[in-house]
Structures are given as C-alpha cells and as structure tokens.
Amino acid sequence: MVRENMHQLVEVVRKTLDGPPIKETQFSFFQMAYVISGTGIVQMNDNRAFYKEGAFILMNPSDAHAFDISSPTELLLIRLNSSYVKEYRWKSLDCLECLLYYATRVSGCVMQCKSDMVRVRKIVELLLLQQQQQNDPYYQDLTMHFVNALIVIAARNISMMKPSNLKPNSDQRIQEIIRYIQNNIYDPQKLKAATIAKEASLSEAYLGSYFKKQCGETIQQFIAQYRIRLIEHRLKFSDKLINEIVAEFGFADESHLNKFFKKHRNMSLSAYRKTVMSAA
C-alpha cells in the first residue's frame, strides 16, 4: 500500500489518471476529489462506487482508496491537513471532523443537493483558474476562500445523509439527535442521555428505546464508536500525547481513557499506536 503525506494546511492539485488501476493508497490527510472528466470505479476500503464527471468524492485519512479507470480521468484534488480540519470552527460547523468521518458510511459522490452540484462546479472552475495565477499576491487568500466554500457545501450535504443502519422510514428527529451528538462529541456532559433527551424533547426513558429502534444500536454504542474512531485518528496521525487526548475528549484521566479504548479495541493506547507506527 502506498502512503502519502502533506505538510501544508491546504493543497489544491490537478491530476490526470490514465492507465492501469492506481495502487491502493492511504493518506495522512483529508481529501476531496472533484471529477473534471472521465469515468471509472473508486474503491474505499471494501466499498466500490462508479464515478463520472461532476462527482465530488471525500477520502478520509484512515481509509484505503484505489481508482480503477474506465476512461482517462482528470481530478481536482483538495487536500486538507488534519490539524486544519480539527481547528476549523464556524457557527454552523461545530464539529466538521465528525461530519467528514461520517461520509465514509457511503461510497462515491457525497452530493445530495442538485443546486449544490452547480455551486461546486462553479467553485472548481474558479480554482482551476487560480491554478494559472499562482504568482498573484492574492492567490493563497482567494484559494483558501474557495476551499472553505467547498468544505461548507460538502459538510452540508454530508449532514443530509442518513446512517447506513437507519431504518427506511426513520423520521427527522433521529437525524437531529445524530447531528447533536456529532456537534458535541468532545463534551461528555452534553452527551448524557438526560441532556440529549431534553434537546430532543423526549423523555430519557423513551430516548433509549427510540434510538435503538431507529438505528439498530443503543445511543451509548453509537457515541462510543464515534469517539473511538476519532481517538484512533489522533493515535495514527498526530503526535499528541495521551494526556492531551484525555483532555480533548473529556476523560477523567489517562487510566479512564485507556480502559475505554481497551474495551473497544482489545489493546492499550500505547500498544495501538505502536502497531500503527510499525505498519506505516
């Protein structure tokens, strides 16, 4: 497997794929790929999806990707350093990182809104124009504004997606509960059942059975899996100390976090980090 790294906060790269299947690649950064032209199949972990012109595909750092090209393909790649995603804070996007990870529940294009497809195409055209004007003193600032616009559009469309295990006739309220969890995943106080129930205007007793009926798992299981995945990301792709991760996710101490992690991954935090480092 090929491993790619980046050191800048944001990179915009135009790339042509033409030939045999691109080897499976794992990134240390988030990447949004807009298909300028071409067709083929993109494989993300065990999922395969067809792509064509206009597709907007999200690739996360913990996932393996490969392209099987049917016709010559040209991509505009928007690469986002993990620290940029983690620190990104806008009023409507309190936890962008969670939304981006959520996109891995689906394959292929993340766009749900037709009007946003038009917006993305226009922004991509501006970014392509920017690529020809890199000596302009305002190049970097303009590029960042365009990239941020794509981030907001992607996040909005990802938020429209339903979890893969949601029941077919699930209602809007469960999606609002899931968004609330995503937005407050770093604050254990806001993830208490009583607090979530109050936000959803449900009784605490009913919340548990309602969530499990709609999602096929308990609300505690759902929250735990979200937290575990983000903690894994810190261990894989950052040099954060364990006590820094403890503070970030609101655990009482390192022992508490280690116990939580071991329960779900059957190994300690340090053992997991050693495992992923030796595999890199």
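The values are calculated or read from the model by the stated rules, or taken from the named source; none is laboratory data. Predicted model only: the values in this text are computed from it and were never measured. Counting neighbours? That spans all protein chains shown, and the Cβs are built from the backbone with ideal geometry, glycine included.
Put simply, of 180, 206 the only residue that is touching a helix residue (DSSP H, G or I) at 6+ places or on another chain (Cβ under 6 Å) and surrounded by fewer than 18 Cβ atoms within 10 Å (Cβ to Cβ) is 180. Only a single criterion out of (1) farther than 24 Å from residue 30 by Cβ; (2) at pLDDT 90 or above; (3) in a helix (DSSP H, G or I); (4) not hydroxyl-bearing (Ser, Thr, Tyr) is not satisfied by residue 252, namely (3).
Scoring residue 270 on the criteria (1) of a type in the set (S, T, N, Q); (2) farther than 25 Å from residue 64 by Cα; (3) free of Cβ contacts under 8 Å to residues at least 40 places away in the same chain leaves a single failure, condition (2). Given the criterion charged (D, E, K, R), surrounded by 18 or more Cβ atoms within 10 Å (Cβ to Cβ) and either more than 27 Å from residue 63 (Cα to Cα) or modelled with pLDDT under 95 (or both), identify the matching residue among 236, 212. Unique residue meeting the criteria: 236. Number of residues in the stretch 165-183 that are touching a Gly at 6+ places or on another chain (Cβ under 8 Å) and either assigned to a helix (DSSP H, G or I) or modelled with pLDDT of 85 or more (or both): the value is 0. Tallying residues that are buried (at least 16 other Cβ atoms within 10 Å of the Cβ) and closer than 22 Å to residue 115 by Cβ within the stretch 39-63 yields 6. Of the helices (runs of 4 or more DSSP H) lying entirely inside the stretch 69-136, those containing at least 1 residues that are at pLDDT 90 or above and touching a Ser or Thr at 6+ places or on another chain (Cβ under 9 Å) are 114-131.
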